[in-house]
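Here is the structure we will look at, set down as structure tokens.
The values are calculated or read from the model by the stated rules, or taken from the named source; none is laboratory data. No experiment lies behind these values; they were computed from the predicted model shown. All Cβ positions, glycine included, derive from the backbone under ideal geometry; neighbour counts span all protein chains shown. Surface accessibility is based on the protein's heavy atoms, side chains included, excluding ligands, DNA and RNA. Shrake-Rupley method; radii C 1.70, N 1.55, O 1.52, S 1.80 Å.
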Amino acid sequence: MKVVHTIHHLQEAVSDFKKQHLTVGFVPTMGALHQGHISLTQRAKAENNVVVVSIFINPMQFNNADDFKKYPVTTESDLAMLSEAGCHLVFLPSADEVYTAHEAPLVFDLEMLDKVMEGEFRPGHFQGVITVVNKFFNWIKPDKAYFGEKDFQQLAVIRKMSTALHPDMEIIGCPTLREKNGLAMSSRNRRLSEQERKDASVIYESISLLTELKSSLDVSAAKNQVINSIQSVQPFKVEYLDIVNADTLISLSQWTESSPMRACIAVWCNEVRLIDNVPV
Ligand code: AMP
């Protein structure tokens with residue numbers, strides 16, 4: 001496995017792959033890798049000749065300076081995990097390599113997709129995400145790129161940007177990997193205490209109930225029940241719980257059978273913010 005830090009070396013390695021007519025699968029990450037990331041890498045490996053993984057904690061997508069400062073960094077074990085998973089090339093750039101000084105985000109209209117849920121509570125977040133992912137797509141020009149359904153809204157945003165700017169590239173959404181107790185795997189889980197990690201099972205447990213609750217309660221009452229059940233466990237606080245049309249992400253006030261629905265949630269555990277989502 002080769003590790004490169006500059007765009008020049010990245011493009012040199014990628015152009016070597018292309019000269020050999022090898023197909024390229026790409027997995028962008030922010031590091032602090034867990035089995036969720038590895039499942040994306042393995043899927044990329046199964047569907048392409050070579051796998052490129054980026055590890056970059058993208059400053060432009062953090063709307064909270066403290067969250068950025070405390071984002072876990074575990075580069076050595078990340079590289080060991082990627083090597084073990086059969087990754088071929090890791091791109092590990094510095095912020096100065098990716099951005100020029102005071103660079104503005106990419107101008108791209110995400111319409112409603114960055115106005116709701118995460119977009120509402122993390123202003124500028126998705127513009128930061130598409131700015132860096134668009135750069136990586138331009139430098140690597142992968143055949144396929146892999147994203148987790150764990151970040152359901154991000155996946156929708158990437159699909160929209162990619163359809164317009166990278167129409168030949170395929171975006172593959174991959175299922176959420178969970179801890180045994182149901183907690184969605186996340187780099188931020190490292191910031192939870194052992195007890196909090198156990199108790200955080202209440203998030204998945206409660207949102208999974210929506211599939212049953214929809215037959216007896218209206219959307220608003222079902223949401224309240226889920227929120228109350230999560231908040232009955234200290235110190236969890238629900239920031240939002242939305243039932244949305246899974247394609248448009250438009251919030252639903254009534255259950256519908258005509259299009260797939262998704263429940264999306266953000267929960268604070270003290271100063272750690274956790275997100276999750278399930279089909280309903
Ligand atoms: P991150 O490092 O958090 O930016 O995540 C990098 C990629 O891994 C994104 O496409 C995430 O959606 C995906 N990912 C994160 N957690 C999980 C998980 N538990 N299961 C599957 N994919 C995940």
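Worth a mention:
- The solvent-accessible area of R159, taken with every protein chain present and a 1.4 Å probe, is close to 100 Å².
- Carbon plus sulfur fraction of accessible area for the chain, probe 1.4 Å, in percent: 51 percent
- Nitroxide proxy distance, nm - points 7 Å out along Cα→Cβ at E120 and E239: 1.3 nm
- Using the alpha carbons alone, the radius of gyration of the stretch 187-279 stands to its Kirkwood radius in an Rg to Rh ratio of 0.99.
- A quarter of the convex hull surface defined by the alpha-carbon atoms of the chain gives 14.8 nm² as the mean projection.
- Crossing angle, helix 125-140 versus the chain [Cα axis fit, 0-90 degrees, rounded to tens]: 30 degrees
- The heavy atoms of W268 present about 70 square angstrom of accessible area, all protein chains included, probe 1.4 Å.
- Taking the stretch 1-36 and a reference point 7 angstrom along Cα→Cβ of A80, the backbone N atoms nearer than 19 Å belong to 1-3, 31-36.
- Spacing of the modelled spin labels on A101 and R178, each 7 Å from Cα toward Cβ, amounts to 4.9 nm.
- In the context of the full set of protein chains, residues of the chain present 47 Å² of accessible surface per residue (probe radius 1.4 Å, heavy atoms only).
- Sum of side-chain charges, H125 neighbourhood, beta-carbon under 12 Å (Lys, Arg +1; Asp, Glu -1): -2
- Area accessible to solvent at T248, 1.4 Å probe radius, in Å²: 60 Å²
- Angle between the chain longest axis and helix 219-231 axis [Cα atoms, degrees, rounded to 10]: 80 degrees
- Structural descriptor for the chain: relative contact order 17 percent, calculated from alpha carbon pairs under 8 angstrom and at least 6 residues apart.
- Where GluC sites (Glu not before Pro) in DSSP loops with at most 13 other Cβ within 10 Å are excluded, longest remaining stretch of the chain: 104-256
- Extension gain from K19 to E111, taking 0.36 nm per residue of separation minus the Cα-Cα distance: 29.3 nm
- Global form of the stretch 14-128, assessed from the alpha-carbon gyration tensor, a/c cut-off 1.5: prolate
- Pairwise label distance in nanometres, L165 with S251, each label 7 Å out on the Cα-Cβ vector: 2.8 nm
- In plain terms, the chain from E47 to K141 could stretch by 32.3 nm, reckoned as 0.36 nm per residue minus the Cα-Cα distance.
- Of the residues Y146, Y204, Y240, ranked by 1.4 Å probe accessible area with the largest first, the sequence reads Y204, Y240, Y146.
- Using alpha-carbon coordinates, inclination of helix 75-84 to the longest axis of the chain, degrees: 80 degrees
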